[in-house]
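The values are calculated or read from the model by the stated rules, or taken from the named source; none is laboratory data. What you see is a predicted model, and the numbers here were worked out from it, not measured in a lab. Methodologically, a virtual Cβ is constructed for each residue, glycine included, from the backbone with ideal geometry; neighbour enumeration extends over all protein chains shown.
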Amino acid sequence: MGDDLKWLVGAIVTLVTMIGGVIARDRHVMNAIKEGDEKLSDRLTKVQAEYVRRDDLNGHMQSMESSIQQMREEQRETNRRIDNLLTVLSKKD
């Protein structure tokens, strides 16, 4: 073989190797990006499943506060009735 042919074959092998390296690197980077996207998606799904929206939480808290207030008023009314009953019963003796 002549020197020109050896140089041409070497250049072709080098070019094919470089192109193959670029393709392999790009595939590796794309796979890393895809894995990162999947992990991020999983984290977002987990956050959505475990946490509530602030509006929902505020609505729930207001409902609880109003229920507690209603229970306090009912307890006060019950205590007032018991006090009245005890007063009436103590006056009869």
Check your understanding: For region 5-16, does any single residue satisfy the condition of being assigned to a helix (DSSP H, G or I), out of contact with any Phe, Trp or Tyr (no Cβ under 8 Å at 6 or more places or on another chain) and among the aromatic types (Phe, Trp, Tyr)?
Key -> yes
**Study point:** Matching residues in region 69-93 - criterion: being hydrophobic (A, V, I, L, M, F, W, C) and surrounded by 10 or more Cβ atoms within 10 Å (Cβ to Cβ)
**Key:** Met71, Ile82, Leu85, Leu86
Practice item. Only residues that are exposed (fewer than 10 other Cβ atoms within 10 Å of the Cβ) and either at pLDDT 95 or above or part of a helix (DSSP H, G or I) (or both): list them for region 40-55, please. Key: Val47, Ala49, Glu50, Arg54, Asp55
